[in-house]
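Asker: There's a structure below that I have some questions on.
The values are calculated or read from the model by the stated rules, or taken from the named source; none is laboratory data. Small disclaimer: the values here were computed from a predicted structure and weren't measured. Backbone-built Cβ (ideal geometry, glycine too); neighbour counts: all protein chains shown. Heavy atoms of the whole protein, side chains included, go into the accessibility calculation; ligands, DNA and RNA do not. Shrake-Rupley method; radii C 1.70, N 1.55, O 1.52, S 1.80 Å.
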Amino acid sequence: MPQQIPASKLDKSIHILNTLLGGLNTHLTTLVTIAKGGLLDGELLHNIHILTYNNGLIAVASYLDEINDFFIPALNPAEANSIMPYISRIKTEIDRFADIKKYRNNVLAHNLRKNDKNIYLKGHLRDYKVPQNLEEYMFLCHLLNLLTEKINEVFPGAYDRVLDEVRDAQENIAVPLQPVLSEADIKSILSTLDQDLINIPSAV
């Protein structure tokens, strides 16, 4: 059996890009299904749409961070010459949504604050240049799919090398994941917590 080639830093970055894109495509499929289905009542449909959209934008921001902070720095000069023209061209279109990272940081990850100020008091959320409708969101996802397809084409086998290492690592884990709390633990803790909270004297 031939010896397996160890995954490089570049391989690992490509694996992460593909994994993030897989999650993003799942979000997109969910959004499209919601938009077409009409099987849920209006308020629930709206809430699911917002949650899915927000999670999708987190994945987009993470994907762009991975490209800029890990993938590109891992390229040697020949590899950069091969792939950077494609990255630059596609990023020109991605940059139409210039506030994705800012939106992720201010709105989705950091408590609706910007420099310790309430975002709602500083300006409307729609002021951010991020996809504002399903068509724009689909366009952005399409751009990332194009980019990932090109990366996989230029670096064949990179994703699979890391996937093989991931599978090997998982097979070597002897102890399966165990829940921190059992169902009985949760019921007991909540019962005790409810009683403790009732018994705390009011300071008012």
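Asker: Express in Å², to the nearest 10, the accessible area of R167 obtained by rolling a 1.4 Å probe over the protein heavy atoms while all chains stay in place.
Answerer: Per-residue accessible area (R167): approximately 130 Å².
Asker: Which of the peptides 133-139, 77-83 is most tightly packed, and how do the rest follow, going by the mean number of other Cβ atoms within 10 Å of each residue?
Answerer: 133-139, 77-83
Asker: Can you tell me the order of 58-69, 145-156, 181-192 when each peptide is scored by its average per-residue count of other Cβ atoms within 10 angstrom, highest first?
Answerer: 58-69, 145-156, 181-192
Asker: Specify whether the C-alpha gyration tensor of segment 58-104 places it in the rounded, prolate or oblate class, a ≥ b ≥ c being the square roots of the eigenvalues: rounded for a/c under 1.5, otherwise prolate if a/b is larger than b/c and oblate if not. Each step should come with its number before you reach the end.
Answerer: Numbers: a/c = 3.62, a/b = 1.66, b/c = 2.18.
Oblate, because a/c is 1.5 or more while a/b does not exceed b/c.
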